[in-house]
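All remarks here apply to the structure that follows.
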Amino acid sequence: MSIESFFCPSSVAVIGASRNKEKVGYTVLDSIINGGYKGKVFPINPKTDEIFNRKCYKSILEVPQDIDLVIIVIPSKFVLQLLDQCAKKNVKTAIIITAGFKETGPEGAVLETKVAEKAREYGIRVIGPNCLGVIDTNCMLNATFFPTLPDRGSVSFISQSGALGTAALDKAKFVGLGISKFVSMGNKADVSENDLIQYMTDDDRCKVITAYLEGVKNGRKFMDICQKASKKKPVVIVKSGNTNAGARAVSSHTGTLAGSAKAYDAAFKQSGIIKAVTINDLFNYANTLANQPLPKGKKVAIITNAGGPGIMATDAFEENDISLAKLEKSTIEKLKKILPAAANFYNPVDVLGDALTDRYKSTLEIVLDDKNVDAVLILLTPQSMTESYETAEAIVEVFRDNNTRKVPIVTCFMGGLAVKEAIDYLNRNQIPNFEVPEEAVKSIKVMMDYYDWITK
């Protein structure tokens, strides 16, 4: 059964909607209405007649039209009865945000099993329980208690943890990473990562699938789905619960069996899944894969205004089995004409500490034309004469207008306040920036490995 109604429903009912700003039922309703959702919204609460200047219904059965999606924020003990009403109303999708199920112990697990069985009986697909909700930026639907709609983009994120999901959404907004869809799965009583990855594989608005998982349902099916997905678009996953202590924590968090780290590593490798160790890694990889062309080879060029960072990047590339490109003689001759005599014309290309925007721009244009270069890393450290923002503008311009070979470009503007505006500009214009050279190298390595996966 299709799960499209979770993301672009024509109508939504919030069961447990509230006028109390301290209640989840208020926050969810507020997120939907003030997030820009254009469909019909029906607050449901038997104790009030109006919320947000909208008629509030005593029951879902009183709503005078069909409902595509219900969002449930009432106590867990009432959910079974509510599913009976949803069936009478012919509802096909439900998000159970309410907690109090298998994460609480045996009694909650029994209740969750009954909910899942009843949902299957009625043909109702369920996300949750014990979850944050769902976001779709294309349909302007924020069916969560996260306060703001993320920037629209092409990365979809699945999370088994609601709290980690809110942190990730906030991080995405901070670094300018656009989100297509976000799903907090919670306990996965019905809809799991398998359903969502399969759906997102065929979603044209999604270019990269990312996930935070604590465990998976049906490992063989998971591998098959991810193998097919990863041939069409990158699948980047952070897997937690890799130690004995972590596995115990996972069980008490969402009631999931975590499984061994070695088994997951093997499954990821066989399925083409890109493993991210941290959430920062996940966002770095997703940002690069979503916004840059894939390198067609394994030779890189470094452009830097400081020797130290250039050496750090060189070490990191060698440690990751990536070679520095041997620049053509014609490239070196062109560089000698535009760079000071004290510059390094080979690779790394050191444009020196007094480099202004024009020196960076001309060097980048020349290096991009070298057929031996498969990717470019641009390093910048802020010095008294450095034009950080103007250099960022020049990089974006060159990438868009003078990059006929479609070579990926990533940057490492190192520092803090002196480069903040420049980094923000790069992020807004789809040039991934990294705090340190090693992080940039890891993302370039991921792009190269993914290109190998889809072309082998």
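Across the stretch 416-428, which residue is farthest from residue 396 (Cα to Cα) among those that are in contact (Cβ under 8 Å) with a residue 12 or more places away in the chain and over 17 Å from the mean Cα position of the chain (by Cα)?
Result: 418.
Go through the residues of the stretch 411-424 one by one and say whether even a single one is touching a Lys or Arg at 6+ places or on another chain (Cβ under 6 Å) and farther than 16 Å from residue 310 by Cα.
no
Please name all residue pairs, on different chains or six or more residues apart, with Cβ atoms under 6 Å, provided the first residue is in the stretch 117-144 and is closer than 23 Å to residue 33 by Cβ and the second residue is in a loop (DSSP other than H, G, I, E, B) and basic (Lys, Arg).
138/205
So residue 406 clears everything in (1) in contact with a Pro (Cβ under 7 Å, 6 or more places away or on another chain); (2) over 27 Å from residue 318 (Cα atoms); (3) loosely packed, with under 15 Cβ neighbours inside 10 Å; (4) not aromatic (Phe, Trp, Tyr) except one condition, right? Which one?
So residue 406 meets the others, but not (2).
Kindly evaluate residue 274 against the criterion of being over 14 Å from residue 438 (Cβ atoms), out of contact with any His (no Cβ under 7 Å at 6 or more places or on another chain) and among the β-branched types (Val, Ile, Thr).
It is true that residue 274 is over 14 Å from residue 438 (Cβ atoms), out of contact with any His (no Cβ under 7 Å at 6 or more places or on another chain) and among the β-branched types (Val, Ile, Thr).
Report yes if residue 49 is farther than 21 Å from residue 141 by Cα, touching a strand residue (DSSP E or B) at 6+ places or on another chain (Cβ under 8 Å) and free of Cβ contacts under 8 Å to residues at least 40 places away in the same chain, otherwise no.
yes
Restricting the search to the stretch 151-175, which residues are over 11 Å from the mean Cα position of the chain (by Cα) and under 16 Å from residue 290 (Cα atoms)?
Those that are over 11 Å from the mean Cα position of the chain (by Cα) and under 16 Å from residue 290 (Cα atoms): 151, 152, 175.
In the stretch 275-289, how many residues are of a type in the set (Ser, Thr, Tyr) and farther than 20 Å from residue 261 by Cα?
2
Only one of these conditions is not met by residue 12: (1) over 29 Å from the mean Cα position of the chain (by Cα); (2) open to solvent by less than 40 Å² (accessible area, probe 1.4 Å). Which number is it?
(1)
Out of 434, 399, 413, I need the residue that is crowded, with 16+ Cβ neighbours inside 10 Å and in contact with a Cys (Cβ under 7 Å, 6 or more places away or on another chain). Which one?
Among 434, 399, 413, only 434 is crowded, with 16+ Cβ neighbours inside 10 Å and in contact with a Cys (Cβ under 7 Å, 6 or more places away or on another chain).
Looking at the structure I just gave you, is residue 351 touching a residue at least 24 places away in the same chain (Cβ under 8 Å) and under 27 Å from residue 285 (Cα atoms)?
No: the conditions fail for residue 351.
Quick one: in the stretch 158-176, of everything that is in a loop (DSSP other than H, G, I, E, B) and under 17 Å from residue 236 (Cα atoms), which residue is modelled with the lowest pLDDT?
161
The values are calculated or read from the model by the stated rules, or taken from the named source; none is laboratory data. A quick note: this is a predicted structure, and the numbers were derived from the prediction, not measured. Positions of Cβ are backbone-derived with ideal geometry, glycine not excepted, and every protein chain shown enters the neighbour counts. Heavy atoms of the whole protein, side chains included, go into the accessibility calculation; ligands, DNA and RNA do not. Shrake-Rupley method; radii C 1.70, N 1.55, O 1.52, S 1.80 Å.
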